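A.B. asks: Pasting a structure here, questions to come.
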Amino acid sequence: MNEIMNKLFEQYNFAKTWEEDNRMFYVNTDKNVVSYFILNFIDCTNISDKEELIRAELDKLEEEYIDAESDKKGIKYSIINSFKTVQEISQIDKNTSAIYLVNFSEKNMLTKYRNLIYSIEESPNYFKRYILPYTEKQVVGLKNVLSDYSDKNIVEILSELADVEENYYSLMNGTNYNSVYELVIRLFSKIPFLQYKFKATSDDISLEKMVKDALANDLVKYDEAIKANKIEIEDLIELEEIAITEKEIDVILNKLMEEA
């Protein structure tokens, strides 16, 4: 996961300026952008069935960010010492976010520990947090895809993976957990600067598919007829699978006229 995250941060002009105990600090090198990120890698593969131990691991970054016994110790001050200018130091409190990359041995951890994850993400202390759970199977699968398309940058590859509509519907139906696709969607949702690259025609195609999916099977043929401007009553009657005689049509029309 470290390798994947490093590629993403490099793609968006971030440079790693500090690293210690599975934590890394990235600074955006664009002088017009003030943005800092702490990456916090947490291994929960051996404690994925013990919520209290997982909470303890997730709480460590906040507990160690500032040493309560000294105003000049803790992770924050180690990061400050890596800065080259006073101006950068003055902006750390307002512009730092943390991404918690939590390695689980089981699938579907987001659902199992949803309340715990939300409570950590919503903490108001020190920095904004994003928790991204993943499994080793997902990482291996994604790295294999990235190596197969080495001629493209990582954002293009992730966008193409996210574009596969069948995988989207499978994930929504609960049949695509612990997949590469699920990891890709989490990357887009948990990394604030990661931008999905839309295809030029994807919206039109998706909208048409959504309309067809929303229609019952026996209504699709009427939708197609209307789009082809076949809206005369004779045209619509032809679509009926049950044959209707002219005499029956006259009876129906006369009844409608009487009711009107």
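The values are calculated or read from the model by the stated rules, or taken from the named source; none is laboratory data. Since this is a predicted model, take the numbers as computed values, not measurements. As a convention, Cβ positions derive from the backbone with ideal geometry for all residues, glycine included, and neighbour counts pool all protein chains shown. What goes into the accessible areas is simple: the full protein's heavy atoms, side chains included, and nothing from ligands, DNA or RNA. Shrake-Rupley method; radii C 1.70, N 1.55, O 1.52, S 1.80 Å.
A.B. asks: Using the Cα atoms as the points, what is the convex hull volume per residue of segment 104-167 in Å³? Can you show the working numbers first?
C.D. replies: Details: hull volume 8.6 nm³, N = 64.
Enclosed volume per residue, from the Cα hull, is 134 Å³.
A.B. asks: Calculate one ³J(HN,Hα) per residue across segment 27-40 by plugging θ = phi - 60° into the Karplus curve 6.51 cos²θ - 1.76 cosθ + 1.60, and present them in order as whole Hz with x for glycine and proline.
C.D. replies: Once rounded to whole Hz, the list reads 10, 6, 7, 6, 5, 8, 10, 9, 8, 10, 9, 9, 9, 10.
A.B. asks: Let me ask you something else. Which of the GluC sites (Glu not before Pro) across segment 11-80 are loop residues per DSSP, with 14 or fewer other Cβ within 10 Å? Could you put the intermediate results ahead of the total?
C.D. replies: Details: sites: Glu19, Glu20, Glu51, Glu52, Glu57, Glu62, Glu63, Glu64, Glu69; in loops: Glu69.
Listed in order of number, the matching sites are Glu69.
A.B. asks: Continuing with this model, one more query. Could you compute Rg(Cα) / (2.2 N^0.38 Å) for segment 22-100, with N its residue count?
C.D. replies: Segment 22-100 yields a ratio of 1.26.
A.B. asks: Give me the percent of the accessible area of segment 34-141 that comes from carbon and sulfur atoms, probe 1.4 Å, all protein chains in place. Provide the component values of the computation, followed by the final result.
C.D. replies: Working: 2630 of 5710 Å².
Roughly 46 percent, rounded to a whole number.
A.B. asks: State, to one decimal in nm, how far the label point of Asn153 lies from the label point of Glu121, with both points 7 Å from Cα in the Cβ direction.
C.D. replies: 2.7 nm
A.B. asks: To continue, here is another question. May I ask you to give the solvent-accessible area per residue for segment 27-98, in square angstrom, as obtained with a 1.4 angstrom probe?
C.D. replies: Details: 4290 Å² over 72 residues.
Ligands and nucleic acids excluded, the result is 60 Å² per residue.
A.B. asks: Further, regarding this structure: Roll a 1.4 Å probe over the protein chains and send me the accessible area per residue for segment 115-161 in Å².
C.D. replies: Numbers: 2390 Å² over 47 residues.
That works out to 51 Å² for each residue.
A.B. asks: When Rg is the radius of gyration of the Cα atoms in segment 1-135 and Rh is its Kirkwood radius, what does Rg/Rh come to? Present the calculation step by step, with values, prior to reporting the outcome.
C.D. replies: On the way: Rg = 15.3 Å, Rh = 15.7 Å.
Ratio value, two decimals: 0.97.
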